[in-house]
1. I want to confirm something. Restricting to region 12-62 and keeping residues that are outside any loop (DSSP other than H, G, I, E, B) and acidic (Asp, Glu), which single residue is nearest to residue 174 (Cα to Cα)?
2. Contact list please: Cβ distance under 7 Å, first residue in region 67-89 and hydroxyl-bearing (Ser, Thr, Tyr), second residue open to solvent by 40 Å² or more (accessible area, probe 1.4 Å), pairs at least six apart or on different chains.
3. State whether the residues of region 94-103 include one that is part of a loop (DSSP other than H, G, I, E, B) and away from the ligand (no atom under 14 Å from the Cβ).
4. Could you tell me whether residue 88 is within 12 Å of the ligand (Cβ to nearest atom) and under 19 Å from residue 177 (Cα atoms)?
5. Conditions first: (1) of a type in the set (A, V, I, L, M, F, W, C); (2) within 10 Å of the ligand (Cβ to nearest atom); (3) surrounded by 22 or more Cβ atoms within 10 Å (Cβ to Cβ); (4) within 22 Å of residue 25 (Cβ to Cβ). Residue 118 passes all but one, so which condition is the exception?
6. Of all residues in region 145-171, which are surrounded by 17 or more Cβ atoms within 10 Å (Cβ to Cβ), not aliphatic (A, V, I, L, M) and not in a helix (DSSP H, G or I)?
7. Here's a check for you: in region 57-96, which residue that is among the aromatic types (Phe, Trp, Tyr) and touching a Leu at 6+ places or on another chain (Cβ under 9 Å) is surrounded by the fewest Cβ atoms within 10 Å (Cβ to Cβ)?
8. If I ask for residues that are closer than 27 Å to residue 128 by Cα and more than 13 Å from the chain's Cα centre (by Cα), which ones from region 161-181 would you list?
Amino acid sequence: MRICFATNNLHKLDEIRSVAGDQFTILSLADIGCFEELPEEQNTLLGNSLQKAKYVFKKFGVICFADDSGLEVDALNGAPGVDSAHYAGPQRKADDNMDLLLKNLINIENRGAQFRTIITLVTPTMIKQFEGIVRGVITREKIGSAGFGYNPIFMPDGFSQTMAEMTMTEKNQISHRAVATHKLISFLQKKDEPILS
Ligand code: IMP
């Protein structure tokens, strides 16, 4: 089975390929000849994930899925959420985003937060969405360097390491994207009719 993952984030591509194993060939955007920024103009994870997947399917005619993810902090009523990538400004720098978040939480005891992702699958006959959540806490400083984004300040519940101290294999056992990806894969496996070429 060949299916495109509509993302320009190579970290995400690696993560999803490793979760999917060898039962699916996950094509990158480059593999299908797409070398452009995908539109992401909605104000929800559901909306952005749908917009990206539909855009690629319509323009390139390839069955695909897209994700949109964000960090939702309890004490900030779910912020930065859909604005996670550019929380500290249009430069979209992970360090700036983390510094601002740590500053905004400086005197806050409630450190609860979650990563949430929505994956949208688009095929010629249907659109289907899958959600994945991992709960955790925001640390008081950055620890570790693996992966991307807010990994150094997010410690999943039940762990004493941040996501940036985990190997990809460890992160993939618990991450929001892994949870949503497993739902996508089991959906594809259960389909009676083959929907993919
Ligand atoms: P995106 O729009 O799905 O690319 O995600 C928006 C932002 O959320 C990213 O730029 C990261 O800052 C953050 N993010 C999403 N997933 C993760 C993750 O697995 N680890 C750390 N940060 C993440």
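1. 15
2. Matching pairs, first to second residue: 69/116; 87/100.
3. For region 94-103, residues part of a loop (DSSP other than H, G, I, E, B) and away from the ligand (no atom under 14 Å from the Cβ): absent.
4. On the way: within 12 Å of the ligand (Cβ to nearest atom): yes; under 19 Å from residue 177 (Cα atoms): no.
When the stated conditions are applied, residue 88 does not pass them.
5. Among (1) of a type in the set (A, V, I, L, M, F, W, C); (2) within 10 Å of the ligand (Cβ to nearest atom); (3) surrounded by 22 or more Cβ atoms within 10 Å (Cβ to Cβ); (4) within 22 Å of residue 25 (Cβ to Cβ), the lone unmet condition for residue 118 is (4).
6. Selection gives 147, 149, 150, 154, 156, 162.
7. Filtering region 57-96 for residues that are among the aromatic types (Phe, Trp, Tyr) and touching a Leu at 6+ places or on another chain (Cβ under 9 Å), the one surrounded by the fewest Cβ atoms within 10 Å (Cβ to Cβ) comes out as 60.
8. So the first thing to find is which residues in region 161-181 are closer than 27 Å to residue 128 by Cα, and the list is 168-169, 171-181.
168, 169, 173 - these are the residues of region 161-181 that are closer than 27 Å to residue 128 by Cα and more than 13 Å from the chain's Cα centre (by Cα).
The values are calculated or read from the model by the stated rules, or taken from the named source; none is laboratory data. Quick caveat, the model's predicted, so the values are computed rather than measured. Positions of Cβ are backbone-derived with ideal geometry, glycine not excepted, and every protein chain shown enters the neighbour counts. Just so you know, the surface numbers come from the protein's heavy atoms only, side chains and all, with ligands and any DNA or RNA stripped out. Shrake-Rupley method; radii C 1.70, N 1.55, O 1.52, S 1.80 Å.
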